[in-house]
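Each reported figure results from applying straightforward, stated rules to the coordinates on display, with no laboratory input. Computed from a prediction, not measured in an experiment: that's the story for all the values here. Cβ sites come from the backbone with ideal geometry, for glycine too, and all protein chains shown count toward neighbours.
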Amino acid sequence: MNELKGMHHVTAITSSAEKNYAFFTNILGMRLVKKTVNQDDIQTYHLFFADDKGSAGTDMTFFDFPGIPKGVHGTNEISKTSFRVPSDKALDYWVKRFDRLEVKHTGIKEQFGKKTLSFVDFDDQQYQLISDENNTGVAAGTPWQKGPIPLEYAITGLGPILVRVNNYDYFKEVLEKVFLFKEIEKEGDHHLFEMGEGGNGAQVIVEYNAILPQARQGYGTVHHAAFRVEDRTELDEWTKRLQAYRLPNSGFVERFYFGSLYTNVFPQILFEIATDGPGFMEDEDYETLGEKLALPPAFEAKRGEVEKLVRPIDTVRSTKEFVKEYEN
């Protein structure tokens with residue numbers, strides 16, 4: 001059984017696709033590589049922000065479900081998403097940038113020997129930057145070449161997700177026995193698990209917390225997290241494995257940009273296993289990624305209907321020039 005290779009993507013819920021696009025483009029300097037709809041709810045935007053090439057393991061994606069209430073953070077949730085930056089010095093840059101742009105943050109801290117900088121967006125969605133200084137394991141992605149962030153400080157992909165649970169022993173058993181993760185370190189109530197080649201791009205941090213109330217999903221919270229496999233053959237092997245452990249699962253789901261398999265591993269915690277390809281270049285050119293409303297072939301025949309349901313959002317960047325913003 002091949003191990004999972006690392007993080008594939010994290011999908012969260014936003015109150016505003018427009019504000020979300022502005023935050024990730026203009027503040028975080030991540031590239032919108034796909035503007036499409038939720039394939040299970042076509043009135044809902046699905047935005048994909050990633051590295052310069054839309055590489056697997058670098059994308060943070062968002063739904064904007066109409067009318068959904070604000071989520072509540074607590075226990076039993078994927079509580080925080082990490083983004084990788086090249087160095088400790090990059091975190092100093094981001095502190096200055098967040099201060100100037102009035103992004104709430106905690107200042108630089110350290111966890112499991114890595115420097116981190118936690119921050120939130122306009123929905124109180126929880127994130128952190130994590131330094132790749134001295135990091136080994138899964139390679140980072142390529143920063144958005146034409147974005148506003150100097151390349152030496154720019155985000156290069158996903159780091160560990162943080163998961164908070166009120167039954168650590170059960171969750172640990174699922175991670176180790178079913179998903180073949182390995183616990184490699186512990187700090188208080190936080191446990192560091194690793195998969196595949198390891199490193200920041202292939203880790204999960206689990207916090208045991210039986211004190212906080214039950215989290216409630218809504219905007220400002222994570223919907224699910226996905227892990228990488230090579231192809232459909234490996235994905236089918238994982239389907240058999242989940243069935244052997246009697247974990248409820250979706251079976252293969254065709255997402256066009258990748259193949260997927262979903263399973264609820266814990267109350268309110270949804271994991272996905274997804275293939276590395278085909279990727280986001282199948283229906284768009286590199287220069288104009290994310291600028292048009294992209295629809296997988298199964299939905300292209302409904303384009304007129306879909307375009308009436310979702311409001312237009314201007315995501316054209318190929319005609320604009322972003323000046324690299326150095327923070328003094």
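Laid out as a table, the results:
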{"item": "Chain lengthening between D41 and K146 when straightened (0.36 nm per residue, less Cα-Cα)", "result": "34.6 nm"}
{"item": "Contact order relative to length of the chain, as percent, for alpha carbon pairs under 8 angstrom and 6 or more apart", "result": "24"}
{"item": "Estimated FRET transfer efficiency (V316, R100; beta-carbon r; R0 25 Å; 0.05)", "result": "0.45"}
{"item": "Estimated [θ] at 222 nm from DSSP helical runs (n ≥ 4, -39500 (n - 2.57)) normalised by residues in the chain, nearest 500", "result": "-4000 deg cm²/dmol"}
{"item": "Anisotropy class of the chain from Cα gyration tensor, a/c 1.5 cut", "result": "rounded"}
{"item": "In Hz, Karplus ³J(HN,Hα) per residue of segment 177-189 (6.51, -1.76, 1.60; θ = phi - 60°; x = Gly, Pro)", "result": "7, 8, 9, 6, 6, 10, 7, 10, 6, 9, 9, x, 8"}
{"item": "Mean separation of Cα contacts under 8 Å (6+ apart) over length of segment 137-233, as relative contact order %", "result": "30"}
{"item": "Virtual paramagnetic centre 7 Å along Cα→Cβ of K19, amide N under 17 Å, in segment 202-228", "result": "218-222"}
{"item": "Environment charge at E325 (Cβ cut-off 12 Å; Lys +1, Arg +1, Asp -1, Glu -1)", "result": "+3"}
{"item": "Integer Hz, Karplus 6.51/-1.76/1.60 couplings in order for segment 69-83, x for Gly and Pro", "result": "x, 5, x, 10, 6, x, 8, 6, 7, 7, 8, 7, 10, 9, 10"}
{"item": "Highest-fluctuation residue, N134, N249, N20 considered, GNM on the chain with Cα pairs under 10 Å", "result": "N134"}
{"item": "Ascending count of other beta-carbon atoms within 10 Å, so fewest first, for Y21, Y208", "result": "Y208, Y21"}
{"item": "Model label zone, N26; criterion: amide N under 15 Å from point 7 Å along Cα-to-beta-carbon; scope segment 97-138", "result": "98, 100-103, 122"}
{"item": "Local electrostatic count at A210 - Lys and Arg +1, Asp and Glu -1, tallied over other residues with Cβ under 11 Å", "result": "-1"}
{"item": "Distance from segment 158-193 to segment 53-118 (C-alpha centre basis), Å", "result": "19"}
{"item": "Length gained when the stretch I108-F122 is fully extended (0.36 nm per residue, less Cα-Cα span)", "result": "3.0 nm"}
